[in-house]
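Asks: Sharing a structure with you now.
Please treat every number below as a calculation from the coordinates, not as lab data. Everything numeric here is computed off the predicted structure, so don't read it as measured data. Neighbour counts are summed over all protein chains in view; Cβ atoms, including those assigned to glycine, are modelled from backbone coordinates with ideal geometry.
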Amino acid sequence: MNSILLVSALLCATASAVADDSYFPIKTKTGGEGVTEFESKWYGQSLERMKEPRLPEFAKDANAEVYRITILPTWGNSIAVRVQKHGELYSLSARRLDGQAGYNPGKLVESKDIALGADDSKTLAVLIQNLDFFQISTEDDVRGMDGDEWIIEGVSQGKYHVAVRWCAPSYDHGKRKLTAFLALCKFLVDKSTLSERPKNKGHKLI
């Protein structure tokens, strides 16, 4: 009996370690919160190389408000831009790897940490409000094998949410109601001051 309990405890500990090591919650049913295990490993590989924090951890703090976009082009650099609210202002952190996100994402080659001023912070707050982020679905029904993955994560009032869109700026973004989604992404990329904009096969994405 004791040995069974010990094995059970070890299995639980292992499962918790795997869960804690993931950058994203793993969904357990179609349409559920989170991403697939494959997606979590793929997206997380770039974020780990950027030394980015795991946003679900921020949800433990009811006062935390933080958002991150991660753009993963199959044939282009992985880019992540994260903003966090401090009172009425936001700080911004941007990271870029030098590889191809669909294959080997490479190493961290660019980091930017910026304090947004009052005007930019107000604009950002409006863009976040317009997106109504916590009400949009985690994914839509448009998927493809290549292209680019656009991931937005957010934490507010103790809640975490993630939304993933394939080829957000170039595939029926009007019909997919991605205007507010892309407006937020463009603002964050513009304010990141990264030397390279998101590209796939050399073509600018936004």
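Asks: Each label point is 7 Å from the Cα along the Cα-to-Cβ direction; what then is the distance between the points at Thr36 and Asp140, in nm?
Replies: Each label point lies 7 Å from its Cα, and together they span 2.0 nm.
Asks: Stretch Asp61-Ala115 to full length: gain in nm at 0.36 nm per residue minus the Cα-Cα span?
Replies: Gain on extension, Asp61 to Ala115, equals 17.3 nm.
Asks: Let me ask something else. Using a simple charge model, +1 on the beta-carbon of Lys and Arg, -1 on the beta-carbon of Asp and Glu, nothing else, what dipole does the chain show about its Cα centre, in debye to the nearest 20?
Replies: It comes to approximately 340 debye.
Asks: Restricting attention to the range 50-123, which GluC sites (Glu not before Pro) occupy a DSSP loop and are surrounded by at most 11 other Cβ atoms within 10 Å?
Replies: In loop regions of the range 50-123 (DSSP not H, G, I, E or B), the sparsely surrounded GluC sites (Glu not before Pro) are Glu88.
Asks: Regarding the range 21-200, what whole-number volume in Å³ per residue does the convex hull of its Cα atoms give? Walk me through the numbers on the way to the answer.
Replies: Values: hull volume 19.7 nm³, N = 180.
Convex hull volume per residue, Cα atoms: 109 Å³.
Asks: For the range 72-123, which trypsin sites (Lys or Arg not before Pro) pass both filters: DSSP loop (anything but H, G, I, E, B) and at most 16 other C-beta atoms within 10 Å? Walk me through the numbers on the way to the answer.
Replies: On the way: sites: Arg82, Lys85, Arg95, Arg96, Lys107, Lys112, Lys122; in loops: Lys107.
Those satisfying the criteria are Lys107.
Asks: A follow-up question, please. What order do you get for Met145, Met50 when you list them from fewest to most C-beta neighbours inside 10 Å?
Replies: Ranked by crowding around the Cβ, least crowded first: Met145, Met50.
Asks: My understanding is that a pair violates if its Cα-Cα distance is over 27 Å; which of Lys27/Lys122; Lys27/Lys107; Lys51/Lys191; Lys41/Lys107; Lys112/Lys177; Lys27/Lys159 do that in this structure?
Replies: Pairs exceeding the cut-off: Lys27/Lys122; Lys27/Lys107; Lys112/Lys177.
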